[in-house]
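Notes to accompany the following structure.
Where a number appears in this text, it was derived from the coordinates with a stated rule and is not lab data. As the structure is a prediction and not an experimental result, all values here were calculated from the model. For neighbour counting, all protein chains shown are included, and Cβ atoms are generated from backbone atoms with ideal geometry for every residue, glycine included.
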Amino acid sequence: MTSLIILIIIMIKQGKDNLRKGDNKMECPGCSNKRGNKRVEGLIFTCAKCGAIFGQTYLGDSYKYVKPYVATKAVPIKRTRYYDFDCLSSKGLVRRHGWYDTETGMITQIG
Ligand SMILES: [Zn+2]
């Protein structure tokens, strides 16, 4: 439990440092774009260039953006976007990243 609290403090500090460094514009892990990226909420951002969604959040909150399920039907590539989250979970920090369907929130490719 103590380690979880320390992790939270580190994440908040890192997030603030990144915000300061990036002049409130986090760098997109998908295409490295820094310009015009918008904050969705907290430390979650969308990329102005490729439409990726990325940032730091709680694992459960990340499911709001990308569900923990893989799409069962083929999804047109145009409808997919990159996602990359650092998530705080009961097991510590976990990374969720890959491609997802912007219409259904289902994962189309992991990693
Ligand atoms: Zn991007």
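Using θ = phi - 60° in the Karplus curve 6.51 cos²θ - 1.76 cosθ + 1.60, the 3J(HN,Hα) couplings for the range 34-49 round to 10, 8, x, 5, 10, 7, 7, 5, x, 10, 9, 10, 10, 7, 6, 8 Hz; x is entered for Gly and Pro. Computed over the chain, the quotient of the alpha carbon radius of gyration and 2.2 N^0.38 Å is 1.08. Name all residues of the range 87-111 having a backbone nitrogen under 12 Å from the label point set 7 Å from the Cα of Lys73 along its Cα→Cβ direction, giving them as ranges. Flagged as within label range: 104. Fully extending the segment from Lys64 to Val40, taken as 0.36 nm per residue of separation minus the present Cα-Cα distance, adds 7.5 nm.
Among bridges DSSP assigns within the chain, what percent are antiparallel (round to 5)? In the chain, DSSP labels about 75 percent of beta bridges as antiparallel. Between the amide H of Val40 and those of Phe45, Thr46, distances stay under 5 Å, these residues lying 5 or more places away or on another chain, with hydrogens modeled in the peptide plane. Going from the residue with the fewest nearby Cβ atoms within 10 Å to the one with the most, Glu27, Glu103 rank Glu103, Glu27.
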